[in-house]
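Written out below as structure tokens is the structure these notes cover.
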Amino acid sequence: MIHWLHQEDGFCEGSFKSHVFHDEENGNELRVGVKSAALKGCAERCVEAFNNLSEPVIDEICKEILNCAKECGMDEEIELPAPDKALDILNFCWFTTLYVNMFSEDDEIAYVVEGEGDWGDVVGFAVKNNKVIYVGTDYFDYMKED
């Protein structure tokens with residue numbers, strides 16, 4: 001599922017195909033980052049969970065991204081989708097990297113996804129055990145510390 005590009009002791013990076021979220025070129029190739037090669041299995045689990053998010057979870061993420069765009073004044077520049085069409089906000093943002101937020105195979109599946117919106121701000125979300133725990137600009141605050 002993951003095509004590994006760099007495998008070093010301190011950090012491993014690969015790429016994978018996203019089923020829902022697109023990249024900045026409107027493709028489906030996102031990166032995945034993990035703190036060590038020993039956690040590559042965790043990365044596979046995170047990517048699988050990410051690609052199998054339920055529709056309600058994807059809708060929740062999109063509604064919160066829509067709220068972020070409105071808070072930044074994007075609704076004054078372009079016509080943003082209505083809340084019942086929140087998935088359409090994905091036409092105004094893209095994603096780059098899924099960061100594994102686990103220290104061992106025994107941890108619950110947890111990751112942070114980084115992206116950016118047409119409104120000029122970064123936007124991301126944190127997911128733990130298939131539940132959204134944060135959507136907004138401060139997504140790295142939800143990464144576990146060593």
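Structure values in brief
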read-out: Any hit, the stretch 52-66, residues being acidic (Asp, Glu), open to solvent by 70 Å² or more (accessible area, probe 1.4 Å), within 21 Å of Val122 (Cβ to Cβ) and touching a residue at least 60 places away in the same chain (Cβ under 8 Å); value: yes
read-out: Only listed residue being within 18 Å of Asn67 (Cβ to Cβ) and buried (at least 19 other Cβ atoms within 10 Å of the Cβ), chosen from Val100, Val135, Val112, Val122; value: Val135
read-out: Residues being part of a helix (DSSP H, G or I), of a type in the set (A, V, I, L, M, F, W, C) and touching a strand residue (DSSP E or B) at 6+ places or on another chain (Cβ under 8 Å) - total across the stretch 35-79; value: 14
read-out: Subset of the stretch 80-97 (residues that are crowded, with 18+ Cβ neighbours inside 10 Å and either in a strand (DSSP E or B) or in contact with a Pro (Cβ under 7 Å, 6 or more places away or on another chain) (or both)); value: Ile89, Cys93, Trp94, Phe95
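Conditions (1) hydrophobic (A, V, I, L, M, F, W, C); (2) farther than 21 Å from Tyr99 by Cβ, marked per residue:
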position	(1), (2)
Gly33	no, no
Leu39	yes, no
Cys46	yes, no
Val57	yes, no
Lys63	no, yes
Cys72	yes, yes
Glu79	no, yes
Pro83	no, yes
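The values are calculated or read from the model by the stated rules, or taken from the named source; none is laboratory data. This structure is a prediction, so every number in the text was calculated from the model and none was measured. All Cβ positions, even for glycine, are placed from backbone atoms using ideal geometry, and neighbour counts span all protein chains on display. Ligands, DNA and RNA are excluded from the accessible area calculation, which covers all protein heavy atoms including side chains. Shrake-Rupley method; radii C 1.70, N 1.55, O 1.52, S 1.80 Å.
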